[in-house]
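The values are calculated or read from the model by the stated rules, or taken from the named source; none is laboratory data. Since the structure is predicted, the reported quantities are computational estimates derived from the model, not experimental observations. As a convention, Cβ positions derive from the backbone with ideal geometry for all residues, glycine included, and neighbour counts pool all protein chains shown. Just the protein is used for accessible areas: all its heavy atoms, side chains included, with ligands, DNA and RNA removed. Shrake-Rupley method; radii C 1.70, N 1.55, O 1.52, S 1.80 Å.
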2 protein chains.
Amino acid sequence: MDEPRNELQDLGEFGLIDRLTEHISLVQPSTIKGVGDDAAVIASDDDTVKLLTTDLLIENIHFDLMYVPLKHLGYKAAAVNLSDIYAMNGIPQQITVSIALSNRFSLEAVEELYTGIRLACKRYDVDLVGGDTSSSQTGLFLSVTTLGEAKKGEVVYRDGAKENDLIFVSGDLGSAYIGLLLLEREKQVFRANPNMQPDFEGVDYLLERQLKPEPRKDIIEMFRELDIKPTSMIDISDGLASELHHICSQSKKGCAIYEDKLPVDPLTYQQSAAFAIDPTTAAMNGGEDYELLFTVKQSDYEKLKDRLEITPIGYITDAASGLQLISKKGVTYPIKAQGWNHLKNEG
Amino acid sequence: MDEPRNELQDLGEFGLIDRLTEHISLVQPSTIKGVGDDAAVIASDDDTVKLLTTDLLIENIHFDLMYVPLKHLGYKAAAVNLSDIYAMNGIPQQITVSIALSNRFSLEAVEELYTGIRLACKRYDVDLVGGDTSSSQTGLFLSVTTLGEAKKGEVVYRDGAKENDLIFVSGDLGSAYIGLLLLEREKQVFRANPNMQPDFEGVDYLLERQLKPEPRKDIIEMFRELDIKPTSMIDISDGLASELHHICSQSKKGCAIYEDKLPVDPLTYQQSAAFAIDPTTAAMNGGEDYELLFTVKQSDYEKLKDRLEITPIGYITDAASGLQLISKKGVTYPIKAQGWNHLKNEG
């Protein structure tokens, strides 16, 4: 009874996933790719594959209903799951949403949540085709699964980056994290004095990045338009540093990232200062950006260089060089993965 | 702030699902069937469709870890989800499992759970291809999604039953429910006196039906072997009565069920008496049987009549006749759906 036990928090989420999936053997001929990328890849017809991905969203772990409106929560739950399909260079088509909730929620509250889900479905042309509902003893639990499609030859994995490939990100980084800090700060102010009104003047963009992220369907459409297939791709949910580690470890490569190239919105810069946070830290480790990180051959640079929606931030190196951040002053630092780890105490 | 609100428990699970899905419009050409059956049906190639289904399993709502071993829980979580694919006359191929759990679980406990999941995958030739992990503040949450396949013309829906079709069920009914009552009884005994050993002699079958249900892949194989396509089908998760209501309402028909035809195991009879429960009630409303309920044309009777794994229990009537149970004494009673309703207070 008193045998030593291994604690989940010592292992972390990625460690746990590695342990649980190490004995998996695949027997179905239709399974092209199982665990280990943004989505599983399943054979469909001669030209097409299906993509399957699933996410959990749990109250007080992934969201705080003190400042997350239910409609936004529904929208975000769908949006972040769709993002995983785009990260495979695919198009999401069907979604299922399961919810467990306690009786403290009214029907009207659940309908708000579903209004948000339906808005996201409508915006991204996705059909809500199923789900499950249950009560829970405490809290709200959401489980979202998306089925997507891609041409067989167009699927982009995490493991295809080659030496000297260019590394791009879409949009800007760190803003969703600063948005979260703003919401958390106002929550503390409100707790101290419930009569205080939140002070959100001029920071709408940061709040929206946190509360209502938009998956980058437009980037996938850009690839089609320019006839480009990235060599590797992943969406940025746990922070750029963590996703670079996934790309590099699966591709067995290293990378060099230039701090001065990181796309950080001026508002993120400005508000970072208020929290005494280095904007680069917000960009590298903030998480929840739901932007796309991808690598392309150097020969694709000409096609991409004038596109405002993406930014080149560095290049792929050999594995021995490791993952490096070259600072604005020209100093090189190793990039540490500090993913958004719910299972580790260090948070 | 004090506006009247609609309580979820007044609506019940099916009422809630109806409300949440009434505004859904489908835009993807690949969506053949969305919400409303055991699985969604998605176009794949010219001959084949994909089937998609998802289930939640929540601690102290769907299972009690005081008497459910984690390995069994993992097995059951997968098994009940696969059952939904068989209920469409399809073959499950891929599964994703998401878990949220608190730090009271050790790594060894989670590995036990996954051992059960992998066992079910192996037994039913299904690949575990993904999932998500998270911490939770309390309790264990499982979300399982299965992707299956069927020939386009072989998919069986709930809405295809025709008047005079014969109604069959596989296996026996009510045993999983009596198994649950036995486990609950021993839990109370243990609580009163933790030194008491559980008294499970001779009731293994009932416990196994509750703890380790097997989805009826063999019935789907039987249909192939005999070249039979049922006119409608559903799996029995909420109890025969509830599933008959689904078949009849979606097919716009009624039914006549003969009490003396209901397949009830002798052990279920015997142990029902100990709980002062009518075995017919256990069979009609117990739930968690994970047997298949299906209807066939009368002309298929010859092919099916000698199959021991299935039992004819009645026939489909016109809608105006309603759903009727003809008792052993020849008295006719209306069949009420008393599904396993987690959201209603009445339980």
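From A:Leu73, A:Leu119, grab the single residue that is buried (at least 22 other Cβ atoms within 10 Å of the Cβ) and assigned to a helix (DSSP H, G or I).
After ruling out the rest, the residue left standing is A:Leu73.
Identify all residues within region A:263-309 that are in a helix (DSSP H, G or I) and either touching a His at 6+ places or on another chain (Cβ under 6 Å) or over 26 Å from A:Glu186 (Cα atoms) (or both); write none if there are none.
The answer is A:Gln298, A:Ser299, A:Asp300, A:Tyr301, A:Glu302, A:Lys303, A:Leu304.
B:Tyr67 fails exactly one of the following numbered conditions: (1) among the hydroxyl-bearing types (Ser, Thr, Tyr); (2) more than 9 Å from every other protein chain (Cβ to nearest Cβ); (3) assigned to a helix (DSSP H, G or I). What is the number of that condition?
The number of the failed condition is (3).
Which residues, counting only those in region A:173-216, are open to solvent by less than 20 Å² (accessible area, probe 1.4 Å) and in a loop (DSSP other than H, G, I, E, B)?
A:Leu173, A:Gly174, A:Val203, A:Pro213, A:Pro215
Among the residues in region B:48-61, are any facing another protein chain (nearest Cβ under 7 Å), crowded, with 23+ Cβ neighbours inside 10 Å and of a type in the set (Ser, Thr, Tyr)?
Within region B:48-61 (the criterion being facing another protein chain (nearest Cβ under 7 Å), crowded, with 23+ Cβ neighbours inside 10 Å and of a type in the set (Ser, Thr, Tyr)), the answer is yes, since at least one residue qualifies.
Check B:Ala109, B:Ala100, B:Ala79 and return the single one that is at negative phi, open to solvent by less than 10 Å² (accessible area, probe 1.4 Å), free of Cβ contacts under 8 Å to residues at least 60 places away in the same chain and not assigned by TED's automatic domain parsing to the domain that holds B:Tyr290.
B:Ala100
Take the residues in region A:3-35 that are of a type in the set (Gly, Ala, Ser) and assigned to a loop (DSSP other than H, G, I, E, B); name whichever of them is farthest from B:Gln137 (Cα to Cα).
Result: A:Ser30.
Would you confirm, using the coordinates I've provided, whether B:Ala150 is outside the structural domain of B:Lys217 (by TED's automatic domain parsing) and touching a helix residue (DSSP H, G or I) at 6+ places or on another chain (Cβ under 8 Å)?
It is false that B:Ala150 is outside the structural domain of B:Lys217 (by TED's automatic domain parsing) and touching a helix residue (DSSP H, G or I) at 6+ places or on another chain (Cβ under 8 Å).
Filter region B:54-85 down to the residues that are over 17 Å from B:Asp125 (Cβ atoms) and of a type in the set (S, T, N, Q), then identify the one that is modelled with the lowest pLDDT.
Once the filter is applied, the top-ranked residue is B:Asn60.
Can you tell which of B:Ile247, B:Ile234 is open to solvent by less than 30 Å² (accessible area, probe 1.4 Å), closer than 25 Å to B:Ala79 by Cα and out of contact with any helix residue (DSSP H, G or I) (no Cβ under 9 Å at 6 or more places or on another chain)?
Of B:Ile247, B:Ile234, the one residue that is open to solvent by less than 30 Å² (accessible area, probe 1.4 Å), closer than 25 Å to B:Ala79 by Cα and out of contact with any helix residue (DSSP H, G or I) (no Cβ under 9 Å at 6 or more places or on another chain) is B:Ile247.
Residues in region B:173-184: is at least one touching a residue at least 12 places away in the same chain (Cβ under 8 Å) and under 30 Å from A:Arg19 (Cα atoms)?
no
Run B:Asp38 past the list (1) assigned to a loop (DSSP other than H, G, I, E, B); (2) open to solvent by 40 Å² or more (accessible area, probe 1.4 Å); (3) among the acidic types (Asp, Glu) and report the number of the one that doesn't hold.
Of everything listed in (1) assigned to a loop (DSSP other than H, G, I, E, B); (2) open to solvent by 40 Å² or more (accessible area, probe 1.4 Å); (3) among the acidic types (Asp, Glu), B:Asp38 misses just condition (2).
Could you tell me which of the residues B:Glu243, B:Glu208 is at pLDDT 95 or above, in contact with a strand residue (DSSP E or B) (Cβ under 6 Å, 6 or more places away or on another chain) and of a type outside the set (A, V, I, L, M, F, W, C)?
None of the other options fit; the residue is B:Glu243.
What is the one condition in (1) touching a Cys at 6+ places or on another chain (Cβ under 8 Å); (2) of a type in the set (A, V, I, L, M, F, W, C); (3) within 14 Å of chain B (Cβ to nearest Cβ) that A:Ala161 does not satisfy?
With (1) touching a Cys at 6+ places or on another chain (Cβ under 8 Å); (2) of a type in the set (A, V, I, L, M, F, W, C); (3) within 14 Å of chain B (Cβ to nearest Cβ) applied to A:Ala161, the lone miss is (3).
Consider A:Asp127 carefully, then state whether it is facing another protein chain (nearest Cβ under 9 Å) and either modelled with pLDDT of 95 or more or closer than 16 Å to B:Ser25 by Cβ (or both).
Yes: the conditions hold for A:Asp127.
If you go through region A:237-257, how many residues are of a type in the set (A, V, I, L, M) and either in contact with a Cys (Cβ under 8 Å, 6 or more places away or on another chain) or not in a strand (DSSP E or B) (or both)?
Residues in region A:237-257 being of a type in the set (A, V, I, L, M) and either in contact with a Cys (Cβ under 8 Å, 6 or more places away or on another chain) or not in a strand (DSSP E or B) (or both): 4 in total.
Scan region A:156-172 for residues that are in contact with a strand residue (DSSP E or B) (Cβ under 6 Å, 6 or more places away or on another chain), closer than 26 Å to B:Val144 by Cα and open to solvent by 10 Å² or more (accessible area, probe 1.4 Å) and jot them down.
Hit for region A:156-172 is A:Arg158, nothing else.
With the condition kept exactly as written, say whether any residue in region A:141-148 is open to solvent by 10 Å² or more (accessible area, probe 1.4 Å), more than 9 Å from every other protein chain (Cβ to nearest Cβ), in a strand (DSSP E or B) and touching a residue at least 40 places away in the same chain (Cβ under 8 Å).
Scanning region A:141-148, I find no residue that is open to solvent by 10 Å² or more (accessible area, probe 1.4 Å), more than 9 Å from every other protein chain (Cβ to nearest Cβ), in a strand (DSSP E or B) and touching a residue at least 40 places away in the same chain (Cβ under 8 Å), so the answer is no.
Scan region B:18-28 and tell me whether some residue there is within 9 Å of chain A (Cβ to nearest Cβ), open to solvent by less than 70 Å² (accessible area, probe 1.4 Å) and of a type in the set (Gly, Ala, Ser).
Looking for residues that are within 9 Å of chain A (Cβ to nearest Cβ), open to solvent by less than 70 Å² (accessible area, probe 1.4 Å) and of a type in the set (Gly, Ala, Ser), one finds none in region B:18-28, hence no.
Counting just the residues of region A:310-337 that are surrounded by fewer than 16 Cβ atoms within 10 Å (Cβ to Cβ) and in a loop (DSSP other than H, G, I, E, B), which one comes out nearest to the chain's Cα centre (by Cα)?
A:Lys336
Could you grab me the full set of residues in region A:149-158 that are within 13 Å of chain B (Cβ to nearest Cβ) and within 13 Å of A:Asp84 (Cβ to Cβ)?
The answer is A:Ala150, and nothing else.
Given the conditions (1) more than 10 Å from chain B (Cβ to nearest Cβ); (2) surrounded by fewer than 20 Cβ atoms within 10 Å (Cβ to Cβ), report the number of the one that A:Gly90 does not fulfil.
Of the numbered conditions (1) more than 10 Å from chain B (Cβ to nearest Cβ); (2) surrounded by fewer than 20 Cβ atoms within 10 Å (Cβ to Cβ), the odd one out for A:Gly90 is (2).
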